[in-house]
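Colleague: One structure, as structure tokens, below. Some questions next.
The values are calculated or read from the model by the stated rules, or taken from the named source; none is laboratory data. Keep in mind that what you see is a predicted model, and the values were worked out from it rather than measured. With ideal geometry, Cβ positions are generated from the backbone for all residues, glycine too; neighbour counts draw on all protein chains shown. The area values use the complete protein model at the heavy-atom level, side chains included, leaving out ligands, DNA and RNA. Shrake-Rupley method; radii C 1.70, N 1.55, O 1.52, S 1.80 Å.
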Amino acid sequence: MSKKIKKILLKKKSGKIVSLTAYSKNFAKILDKYCDIILVGDSMASVLYSMENTHTISLETIIQHSISVRKGIKKSLMVVDMPKGTYKNPTQAKKNAKLIIKKTKCDAIKIESNNKNFKIIKAITEAKIPVMGHIGYTPQFKDKFKVQGKNKAEFEKLIKEAALIERAGAFSIVLECVTPNTAKVITNLLKIPTIGIGSSLHCNGQILVTDDILGLSGFYPKFVKKYVNLDRIIEKAVKKYSKEVKTKLFPKNKNFLYGK
Ligand code: KIV
């Protein structure tokens, strides 16, 4: 087990896991100072590519962005999402997980659970590739957004699912939009850390989409906290640049590469 994974596992006992998404080097470089985990999430499908959902983002696109992100990370654990359709059976999953690791030099991959793919997770972990699981609202498999674990059947199903993912060898698990009680029970039950998104303080850590917390995505459900309106800051800078070009205030002599 790598030192980075060990460090994440230790957070089960004390501290909180800080995690955010990145799709490029420049963002990853800033996040790296403050995050334990940086995820190249398939959320890039909607955030970057304006796709309706995450279902059609390709493996090549995820790999391309991951290669860029890798260049910005020095210390955080880098996790790459396996896109939908790239882990339909153990053989395909192992082949694609190995390809992601080889091309991107990431530390681990993330797989969304459909409550059936435990053997697939096991095949990847047995190939010595660390896996982060993902349960609750899993956008690759659920079309409509809904809080998970509200009734007894759902609650019990999620607990069993989390336990089976741990048994399959995952080193951590994302709990997306599960009720606080579901998060509490799963976090207490599992030995591996839970990382919540819209799943309460009971989790061992939190993850959010970076563009959401920066006010760039236009997507702000209740579980997102917008820390800054970066869209307004960018607009202000672009407006000033536009004005300066039009009024010939830019470029100045000091911006010339040579002569006057
Ligand atoms: O794709 C993603 O960004 C994710 C996180 C929101 C957990 O899966």
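Colleague: Determine the dipole magnitude for region 1-111: charges of +1 sit on the beta-carbon of Lys and Arg, -1 on that of Asp and Glu, nothing else is charged, the reference point is the Cα centre, and the result goes in debye to the nearest 20.
Modeller: 800
Colleague: Check cross-link reach from LYS74 to the aspartates and glutamates: straight Cα distance under 20 Å, and skip same-chain residues fewer than eight apart.
Modeller: Answer for LYS74, where 20 Å is the Cα cut-off: ASP32, ASP36, ASP107, listed by chain and number.
Colleague: Hey, another quick one. Give me the extension gain from GLU235 to ASN255: residue separation times 0.36 nm, minus the current Cα-Cα distance, reported in nm with one decimal.
Modeller: That pair, GLU235 and ASN255, stretches by 5.0 nm at full extension.
Colleague: I need to check one value: relative contact order of region 107-176, counting alpha carbon pairs closer than 8 Å and at least 6 residues apart, in percent.
Modeller: 41
Colleague: What's the center-to-center distance, using Cα atoms, between region 151-184 and region 80-110 in Å?
Modeller: Taking the Cα centre of region 80-110 as reference, the centre of region 151-184 is 22 Å away.
Colleague: Over region 1-144, what is the relative contact order in whole percent, taking alpha-carbon pairs under 8 Å and six or more residues apart?
Modeller: About 20 percent, as a whole number.
Colleague: Under 5 Å between amide H atoms, partner at least 5 residues away or on a different chain: which partners does PHE250 have, H built in plane at 1.01 Å?
Modeller: VAL245
Colleague: Another question, then. Taking amide H positions as placed 1.01 Å from N in the peptide plane, with prolines and chain starts having none, which residues 5 or more places from GLN148, or on another chain, fall under 5 Å of its amide H?
Modeller: TYR137, VAL178, THR179
Colleague: May I ask you to evaluate 6.51 cos²θ - 1.76 cosθ + 1.60, the Karplus curve with θ = phi - 60°, for each residue of region 199-212 and list the ³J(HN,Hα) values in order in whole Hz, giving x for glycine and proline?
Modeller: Rounded to whole hertz, the list is 10, 6, 6, 5, 6, 6, x, 10, 9, 9, 7, 4, 4, 6.
Colleague: Give the accessible surface of region 210-260 per residue, rounded to a whole number of Å², with probe radius 1.4 Å and ligands, DNA and RNA excluded.
Modeller: 90
Colleague: Could you work out the local net charge near ILE213, counting Lys and Arg as +1, Asp and Glu as -1, over the other residues with Cβ closer than 12 Å to its Cβ?
Modeller: 0
Colleague: If you don't mind, another one. Output wanted: per-residue J couplings in Hz (rounded whole) for region 3-13, from phi through Karplus 6.51 cos²θ - 1.76 cosθ + 1.60, θ = phi - 60°, x for Gly and Pro.
Modeller: Result, rounded to whole Hz: 4, 5, 5, 4, 4, 5, 4, 5, 5, 5, 7.
Colleague: Still on this model: Quick check: at a probe of 1.4 Å, how many percent of the accessible area of region 109-230 sits on carbon and sulfur atoms?
Modeller: Its accessible area is 58 percent carbon and sulfur atoms.
Colleague: What is the gain in length, in nm to one decimal, between LEU10 and THR56 on full extension, counting 0.36 nm per residue of separation less the C-alpha to C-alpha distance?
Modeller: Going from the current span to full extension adds 13.0 nm.
Colleague: Sequence gap at least 6, Cα distance under 8 Å: using those rules, report the relative contact order of the chain to the nearest whole percent.
Modeller: It comes to 15 percent, rounded to a whole number.
Colleague: Quick query: amide H of HIS134 versus all other amide H atoms, modeled in the peptide plane; which residues come in under 5 Å with a sequence gap of 5 or more or a different chain?
Modeller: Those qualifying (amide H under 5 Å, at least 5 residues apart or on another chain) are ILE111, SER113, VAL174.
Colleague: For region 217-260, how many pairs of lysine residues have a Cα-Cα distance under 28 Å, where the two are 8 or more positions apart or belong to different chains?
Modeller: Summing the qualifying lysine pairs gives 25.
Colleague: Suppose every Lys and Arg Cβ carries +1 and every Asp and Glu Cβ carries -1, with no other charges. What dipole size does region 158-222 come out with about its Cα centre, to the nearest 20 debye?
Modeller: 280
Colleague: On to the next question. Tilt of helix 152-167 relative to the longest C-alpha principal axis of the chain, in degrees (0 to 90, nearest 10)?
Modeller: On a 0 to 90 degree scale, this one is about 80.
Colleague: Evaluate the charge dipole of the chain about its Cα centre and quote only its size in Debye, nearest 20, assuming +1 on the Cβ of each Lys and Arg and -1 on the Cβ of each Asp and Glu.
Modeller: 1000
Colleague: Can you find, among GLY41, THR86, SER14, the residue sitting farthest towards the positive end of the charge dipole of the chain, where Lys and Arg contribute +1 and Asp and Glu -1 at Cβ?
Modeller: Farthest towards the positive pole: SER14.
Colleague: Would you mind counting up the charge near LEU164? Only other residues with Cβ under 11 Å from its Cβ, with Lys and Arg at +1 and Asp and Glu at -1.
Modeller: Result for the local shell: +4.
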